[in-house]
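Trainee: Below: one structure in structure tokens.
The values are calculated or read from the model by the stated rules, or taken from the named source; none is laboratory data. Quick caveat, the model's predicted, so the values are computed rather than measured. Cβ sites come from the backbone with ideal geometry, for glycine too, and all protein chains shown count toward neighbours.
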Amino acid sequence: MKFPLTLMVATSLLVAVAHGQYLSSSRGMGLGAYTALVNDLSGLDWNPAGLVQVRDWELSGSNMFSSETRGLSFQTIGGTKRFLENHSFSLRYSPGLVMEFIVPSTFQFQNGQPITFDKRINYRESYAFGYGYQMTPDVALGFSGRLREEFIADTRPFIEQDTVARVRVVEYNASSWNMDIGMLWNPDPSFSMGIVAKNLFRMKESTFPQEVESYALRSLKSLRLGMSYRPSWFATFSIDFDTERQGGFGSEWSITDGLQFRQGSVFGSQYSPFFSAVSGGLGFSYESVRFDLSYLHFFNPTDRSKVTVQDFVSKGVKDIAFNQFTQSQGMLTINVPLGRTREYIARIEHVTISSEVYPSSYHVHAVRPIGKARVRNISQKPIQARVSFFVDQYMDRPTETPSLYIGPNEEREIPMYAIFNDAIRFVPSMVLRAAEVLVKASPTEEYDDRSQARLIIRGRNDWDGDAMTLRSFVTPEDPDILRFTRNVVNQQKVVLAETSGLLEKFNTASILFNEFSSRLSYVSDPRGSKDRVQYPSETFALRGGDCDDMTVAYASLLSSVGISTAFIDVIPPDRAHDAHIFLMFDTGVPASQAEVVSNNPKRYVVRKNERGEETVWLPVETTIMTDGFQKAWEVGAKEYLDHVEVGLGVVRGWVRVVDVRPMM
Amino acid sequence: MNLRIPYIILLGALFVLQACRQNNPITLQDEIGLDEPVEVLFLKEQPDTTSTSSVKDQTQTTVDLTGLLRSDERNYPGTILIGGVKTDLEGGRSSLSYSRILLRDLQDTVWAKGGWGYFSDNRLIDVGRATLDDVEFDVTQIITQLRTVNFVVPLSVGVIHKLGNDGNQPARPMQYLPQHTYFISAQGKRYGKNGEHELKKFQLPIQSPDEVTITSLQSNSFVFRDEDMVLRWRGEPGQRTKVIFSTYDEKNGRAETPLVQFTAYPKNGALTISSKLLKLIPSTNTGKVLLSLVSVNQAEVSLEGYPSKVLLQAASIHNMVVSLR
């Protein structure tokens, strides 16, 4: 903390801030230069483009304390509402933005009752409105209008019966709407720039007659430029300067999340001394309510008791709140956000869904990302962000990612996961659903940003053509499969009992294949593609299927009796339309005793099983149903030889051998 | 909307709190800065001119030479005056200085009836040999010409003691000395119809005010009623400063009818007259008025043997014709 404190002291000594000390905001008063930072109702004065910084509803009120007021002087109250995301509108009532001058009576009538023939000049800026528009994420525009009202009540004598003085009050009114236009540019969260054209337009509703026009408020057009720089989350520097040759700078220091100190000062070529005032302020937040307290001290304030009529007329008043007669004062501002009150610190920049959801393999998305969300930390502090993913109807609750660190103003891609419920297994055909993606950043529990992503959910029989996901169609625990295998094993238990223990799995596989083939027949895919796969129970119910279906069904049968299987996925490099899949199963026979199965090494494959032991595996072409197990084995072995041994398909990557194991 | 009732109440309370509180108004000061306000007296008087009555020619000088309104002269039966007067008319500047002792005997009225009416006034008292410092006053018999049907009857009203030119019959010359302490003395004399009263010997000192010369205006300057008139002059103000606007008799080059008198006590040679008052000054046919700046030191004195009030006054007066628009 020593470093920021040292900087604070250093900048306090440098003092300087901006004109246009529009004293409608304590934060603005404390900082001095607020054109590029304004984010509240005082944007009506400082920079109307800043109104877009209000998140939803915000009510603001300010009070001023000064030795030149009768107690507490209420300055302003108003509200800002953001609507349609990019638009903001403000209204303000300012009963305290009043300035009154009295030109006292310098004479009295002899031999008459004492009568005061003074002239009262009253300036008000009671009503203001503003509009802000977020044109792009970096640029905001805005305009504001302030109703300036001027009243003069001139108490004059008139002579009755030649010598007797009487009184009458002559009143003059003038009013006009003074319009400002502002722009705010935030190319980077650490830098912002604001430009405001003050009093660019003036719509006069009424004017003073010539005899009192010297008392009228001055409305000079001017251009003010403001910049702010935030080198770190705890320090902000700002500077303003305008064409009236007034300007300065200030700084704000965040000690904790809800506590800031501010300081600044005012300078201008028309001021005496040049650095005419310094300001200091304190800001703190309670929940979402912000309190700002500031004090502005003039080194050489005008002695209000010695202001002459001639001085007043020659210099005039340009701004009701801040002018040559303004005294040192304190100000309290309270901003009460309503509605969407939280400050968002994370933003979803982009969502990518990397895969479609296949009900057959829906559970993979619990551990394998379904997509990614690119999240930006839009705050100036490090955050912990997590993303949740939710699809109505097919998920019971959003699936959240673990929290990930994101540095200030940095982006990070966060992988999203999805835990679907069983309903997804019964999607009959492909549907399109909106997935809701939320990002939450510490320390809050409400979400910071939300996004929607289009999610394609395939039908329950849809398959993406990947042998890996084909495994999800293997259902060895399906009651129909279990019933089938138990019946076959029971019927053939005598035969199986006679076979050698080494060939038990071989014989079981052979018997199951033959029983299986006697009940089913091979038919091609109804859509002539391999993106549809039947579950084994469906294959049995339909008494047939294509190669995928038969392979899946036979793999399910073997798995149900404890025989390991593997898919052999063949996609010829130059003949993708000839892609084919068949399987091989583990006989459990050790490689050293392979001759028990066959003397021809081309009829089997030696590979490691789940336990890492080298055993004999037999390729089986499940589409050769009617010719029995031996033929299917023979064809399968030949295909394996051609594709893997001769064609080097595995080495070259167009043949994959995928073990059928529980996924995940 | 997530309303936060306590904060709404807080803001509402702040709003209510301001209801009876306001910013202090700034009371602007007049650049001239008088301690006391200017006293204003609008007048309804008859024309005040030496041309209307032969008697008054000799006894009552016009306001532009004495700085006294007729009401002042009525208030003081006795006047002892010293004056230095400059007048800027269209033809140039003229100056005169005078001193005068005039005491009316309120118990002795001269009354006479003529063919055209009657004359009635108080007799003027002879104060005996009188001097201003070491210079002896001339004694001037005041003879009124009472007109009958067939002839004119001279009628003696009394005497006044005078030096210099008071706009009437000139006497032995004198020169007004600014900031000079004059001593006016008289030997005293018996007076009354039968000499039953006796004015005792007296000696009165009075310091003359500095000579004043208007610097912010010139003869025939325009004075605009819509603007406050800042009148500046050279010369230290006396005890009291008066500005008198009168109608202007171009034929005689004299004030005709006083319209308004402003009385002030300035510290410096400047005075502001509000446009509110300028607007009330009656218009004249030509728009021209005579502005008289009168700086006076005066005192009310009593003379042994003379029962009435006596005004002792020394004044420096600068008259100027201006156009009031």
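Trainee: Considering only residues of segment A:589-645 that are of a type in the set (Gly, Ala, Ser) and in contact (Cβ under 8 Å) with a residue 40 or more places away in the chain, which is farthest from A:THR539 (Cα to Cα)? Working first, answer last.
Mentor: Filtering segment A:589-645 down to residues of a type in the set (Gly, Ala, Ser) leaves A:591-592, A:594, A:598, A:612, A:628, A:632, A:636-637.
The next check asks that each one be in contact (Cβ under 8 Å) with a residue 40 or more places away in the chain; those that pass are A:628, A:632, A:636.
Working: A:GLY628: 18, A:ALA632: 19, A:GLY636: 21 Å.
Among those residues, the one meeting the criterion is A:GLY636.
Trainee: Looking for something closer than 22 Å to A:ILE378 by Cβ and either surrounded by fewer than 15 Cβ atoms within 10 Å (Cβ to Cβ) or assigned by TED's automatic domain parsing to the domain that holds A:ILE378 (or both) - is there at least one such residue anywhere in segment A:278-288?
Mentor: Our first condition is that a residue be closer than 22 Å to A:ILE378 by Cβ; within segment A:278-288, this holds for A:283, A:285, A:287-288.
This time we only want the ones that are either surrounded by fewer than 15 Cβ atoms within 10 Å (Cβ to Cβ) or assigned by TED's automatic domain parsing to the domain that holds A:ILE378 (or both), so: A:287.
Yes, there is a match, as at least one residue in segment A:278-288 is closer than 22 Å to A:ILE378 by Cβ and either surrounded by fewer than 15 Cβ atoms within 10 Å (Cβ to Cβ) or assigned by TED's automatic domain parsing to the domain that holds A:ILE378 (or both).
Trainee: Given A:ARG27, A:ARG82, A:ARG55, which one is at pLDDT 80 or above and under 16 Å from A:ILE239 (Cα atoms)?
Mentor: On the way: A:ARG82 fails: under 16 Å from A:ILE239 (Cα atoms); A:ARG55 fails: under 16 Å from A:ILE239 (Cα atoms).
Step by step, each of A:ARG27, A:ARG82, A:ARG55 is checked, and only A:ARG27 is at pLDDT 80 or above and under 16 Å from A:ILE239 (Cα atoms).
Trainee: Got a number for residues in segment B:302-325 being surrounded by fewer than 24 Cβ atoms within 10 Å (Cβ to Cβ) and more than 16 Å from the chain's Cα centre (by Cα)?
Mentor: The total comes to 12.
Trainee: Out of all the residues in segment A:218-258, which are hydrophobic (A, V, I, L, M, F, W, C) and at pLDDT 90 or above? Walk me through how you get there before you give the answer.
Mentor: Here is the first cut: in segment A:218-258, the ones hydrophobic (A, V, I, L, M, F, W, C) are A:220, A:223, A:225, A:227, A:233-235, A:237, A:239, A:241, A:249, A:253, A:255.
Correct list: A:LEU223, A:LEU225, A:MET227, A:ALA235, A:PHE237, A:ILE239, A:PHE241, A:TRP253.
Trainee: Can you list the strands (runs of 3 or more DSSP E) found entirely within segment A:375-465 that contain at least 2 residues being of a type in the set (Gly, Ala, Ser) and either buried (at least 16 other Cβ atoms within 10 Å of the Cβ) or without any contact (Cβ under 8 Å) to a residue 12 or more places away in the chain (or both)? Full working, then the answer.
Mentor: Numbers: elements: A:383-391, A:404-406, A:411-416, A:431-441, A:449-457.
So the answer is A:383-391, A:431-441, A:449-457.
Trainee: If I ask for residues that are in contact with a Phe, Trp or Tyr (Cβ under 6 Å, 6 or more places away or on another chain), part of a loop (DSSP other than H, G, I, E, B) and facing chain B (nearest Cβ under 8 Å), which ones from segment A:302-342 would you list?
Mentor: The answer is A:GLY339, and nothing else.
Listed here are the residues, each with its yes/no results for (1) at pLDDT 70 or above; (2) within 14 Å of another protein chain (Cβ to nearest Cβ); (3) touching a His at 6+ places or on another chain (Cβ under 6 Å).
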residue	(1), (2), (3)
B:ASN2	no, yes, no
B:LEU14	no, yes, no
B:GLU36	yes, yes, no
B:THR61	no, no, no
B:LEU68	yes, no, no
B:ARG74	yes, no, no
B:SER99	yes, no, no
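Trainee: In addition: All but one of (1) in contact (Cβ under 8 Å) with a residue 60 or more places away in the chain; (2) surrounded by fewer than 19 Cβ atoms within 10 Å (Cβ to Cβ); (3) over 30 Å from B:ASN122 (Cα atoms); (4) away from every other protein chain (no Cβ under 14 Å) hold for B:ALA299, so report the exception by its number.
Mentor: (3)
Trainee: So which residues in segment A:114-142 are among the polar types (S, T, N, Q) and either within 42 Å of the chain's Cα centre (by Cα) or buried (at least 23 other Cβ atoms within 10 Å of the Cβ) (or both), if there are any at all? I'd like the intermediate steps shown before the answer.
Mentor: The initial filter retains those residues of segment A:114-142 that are among the polar types (S, T, N, Q), namely A:116, A:122, A:126, A:134, A:136.
Within segment A:114-142, A:SER126, A:GLN134, A:THR136 qualify.
Trainee: Restricted to segment A:85-99, and to residues that are under 21 Å from B:ILE26 (Cα atoms) and outside any strand (DSSP E or B), which residue is modelled with the lowest pLDDT? Steps first, please.
Mentor: To start, the set of residues in segment A:85-99 that are under 21 Å from B:ILE26 (Cα atoms) comprises A:94-99.
Going one step further and asking which of them are outside any strand (DSSP E or B), we end up with A:94-97.
Details: A:SER94: 87, A:PRO95: 83, A:GLY96: 80, A:LEU97: 84.
Looking at residues that are under 21 Å from B:ILE26 (Cα atoms) and outside any strand (DSSP E or B), I get A:GLY96.
Trainee: Another question, if that's okay. Whether any residue in segment A:96-109 is farther than 18 Å from A:ASN335 by Cα, more than 11 Å from chain B (Cβ to nearest Cβ) and surrounded by fewer than 17 Cβ atoms within 10 Å (Cβ to Cβ) is what I want to check.
Mentor: There is no residue in segment A:96-109 that is farther than 18 Å from A:ASN335 by Cα, more than 11 Å from chain B (Cβ to nearest Cβ) and surrounded by fewer than 17 Cβ atoms within 10 Å (Cβ to Cβ).
Trainee: Return the residues of segment A:38-84 that are of a type in the set (S, T, N, Q) and either more than 28 Å from the chain's Cα centre (by Cα) or assigned to a loop (DSSP other than H, G, I, E, B) (or both); say none if nothing qualifies.
Mentor: The initial filter retains those residues of segment A:38-84 that are of a type in the set (S, T, N, Q), namely A:39, A:42, A:47, A:53, A:60, A:62-63, A:66-67, A:69, A:73, A:75-76, A:80.
Result: A:ASN39, A:ASN47, A:SER62, A:ASN63, A:SER66, A:SER67, A:THR69, A:SER73, A:GLN75, A:THR76.
Trainee: Does A:ARG486 fit the bill of being modelled with pLDDT under 80 and of a type in the set (Lys, Arg)? Write out each step before concluding.
Mentor: Values: modelled with pLDDT under 80: no; of a type in the set (Lys, Arg): yes.
No, not satisfied.
Trainee: For segment B:216-250, name all the residues that are buried (at least 19 other Cβ atoms within 10 Å of the Cβ) and closer than 14 Å to B:ILE32 by Cβ.
Mentor: Correct list: B:ASP228, B:MET229, B:LEU231, B:TRP233, B:PRO237, B:THR241, B:VAL243.
Trainee: What are the residues in segment B:271-296 that are in a strand (DSSP E or B) and either acidic (Asp, Glu) or under 20 Å from B:ASP226 (Cβ atoms) (or both), if any?
Mentor: Keep residues of segment B:271-296 that are in a strand (DSSP E or B), which gives B:271-273, B:288-296.
Correct list: B:LEU271, B:THR272, B:ILE273, B:LYS288, B:VAL289, B:LEU291.
Trainee: Quick one: would you say A:LEU293 is buried (at least 16 other Cβ atoms within 10 Å of the Cβ), in contact with a helix residue (DSSP H, G or I) (Cβ under 8 Å, 6 or more places away or on another chain) and either free of Cβ contacts under 8 Å to residues at least 12 places away in the same chain or within 14 Å of chain B (Cβ to nearest Cβ) (or both)? Spell out how you get there, then give the answer.
Mentor: Working: buried (at least 16 other Cβ atoms within 10 Å of the Cβ): yes; in contact with a helix residue (DSSP H, G or I) (Cβ under 8 Å, 6 or more places away or on another chain): yes; either free of Cβ contacts under 8 Å to residues at least 12 places away in the same chain or within 14 Å of chain B (Cβ to nearest Cβ) (or both): yes.
Yes: the conditions hold for A:LEU293.
Trainee: So which residues in segment B:251-264 are outside any strand (DSSP E or B) and either without any contact (Cβ under 8 Å) to a residue 24 or more places away in the chain or touching a strand residue (DSSP E or B) at 6+ places or on another chain (Cβ under 6 Å) (or both), if there are any at all?
Mentor: Our first condition is that a residue be outside any strand (DSSP E or B); within segment B:251-264, this holds for B:251-253.
Within segment B:251-264, B:LYS251, B:GLY253 meet the criteria.
Trainee: Then there is this: Name the residues in segment A:116-162 that are out of contact with any Gly (no Cβ under 8 Å at 6 or more places or on another chain), in contact (Cβ under 8 Å) with a residue 60 or more places away in the chain, within 30 Å of A:GLN53 (Cα to Cα) and away from chain B (no Cβ under 14 Å), would you? It would help to see each step written out before you state the result.
Mentor: Quick first cut of segment A:116-162, residues out of contact with any Gly (no Cβ under 8 Å at 6 or more places or on another chain) only: A:116-127, A:134-139, A:146-162.
Next, only the ones that are in contact (Cβ under 8 Å) with a residue 60 or more places away in the chain stay: A:121, A:123-125, A:134, A:146, A:148, A:150, A:152.
From what is left, the residues that are within 30 Å of A:GLN53 (Cα to Cα) are A:124-125, A:134, A:146, A:148.
Answer for segment A:116-162, where residues must be out of contact with any Gly (no Cβ under 8 Å at 6 or more places or on another chain), in contact (Cβ under 8 Å) with a residue 60 or more places away in the chain, within 30 Å of A:GLN53 (Cα to Cα) and away from chain B (no Cβ under 14 Å): A:GLN134, A:ARG146, A:ARG148.
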